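First the structure, in the form of structure tokens, and then the observations on it.
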Amino acid sequence: MSSPLTVVVGSGGVGKTTLAAAVAADEARRGNDTLVMTFDPSLRLKDALGVDTDPEANDIRVPFDAPGELWASLLDARRTFDTHLDRYAPDDTARQRILTNRFYDHLSGSLAGVLEYMASERLFEVASYGKYRRVILDTPPTRQALD
């Protein structure tokens, strides 16, 4: 049996996204419910799979005729931060106060390393949820992915 997580890494322009999409499609053809996710800010995976981004959805169902389901996750650091805030804010008043704070706005979108941290959090969330038999992670070029 193969590992439940496959991470596709490499330098820029070598076909990581194409390979990640192909591996995910193959897994769905084998009957495995599969999530292919990216934290590459270029979102080439969206184009490779022909899906639109949905600002409210963490996972987007890819129309694909296979025994297994194929889903895509286009990591958005701000959305992931907001999801954590929804989960851990003590009440709605505190949540709203944080959401409208300029520091939070800056932190959730541009802090160095935030995308990599949010990718780790999102992987943990997906693993905890247990919906997918396979997860394929498409990464940005190697130097960024190693961060």
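General remarks:
- Multiplying the residue separation of Asp47 and Asn101 by 0.36 nm and removing their Cα-Cα distance gives an extension gain of 16.1 nm.
- Listed residues Asp92, Asp47, Asp76, most fluctuating in the chain (Gaussian network, C-alpha, under 10 Å): Asp92
- Difference of contour (0.36 nm per residue) and Cα-Cα distance, Tyr117 to Ala89: 8.1 nm
- The chain: most fluctuating residue of Ala72, Ala21, Ala94 per GNM, C-alpha cutoff 10 Å: Ala94
- GNM remark for the chain: springs join alpha carbons under 10 Å apart, and the peak mean-square fluctuation among Ser108, Ser11, Ser128 falls on Ser128.
- The fraction of accessible area contributed by carbon and sulfur in the chain is 52 percent, rounded to a whole number (1.4 Å probe; ligands and nucleic acids excluded).
- If R0 equals 25 Å, the separation of the Cβ atoms of Ala22 and Ala127 corresponds to a calculated FRET efficiency of about 0.65.
- Normalised per residue, the accessible area of the chain is 58 Å², obtained with a 1.4 Å probe and no contribution from ligands, DNA or RNA.
The values are calculated or read from the model by the stated rules, or taken from the named source; none is laboratory data. What you see is a predicted model; the values in this text were computed from it and never measured. Cβ coordinates were reconstructed from backbone atoms using ideal geometry, including for glycine residues, and neighbour counts include every protein chain displayed. Keep in mind that these areas ignore ligands, DNA and RNA; they rest on the heavy atoms of the full protein, side chains included. Shrake-Rupley method; radii C 1.70, N 1.55, O 1.52, S 1.80 Å.
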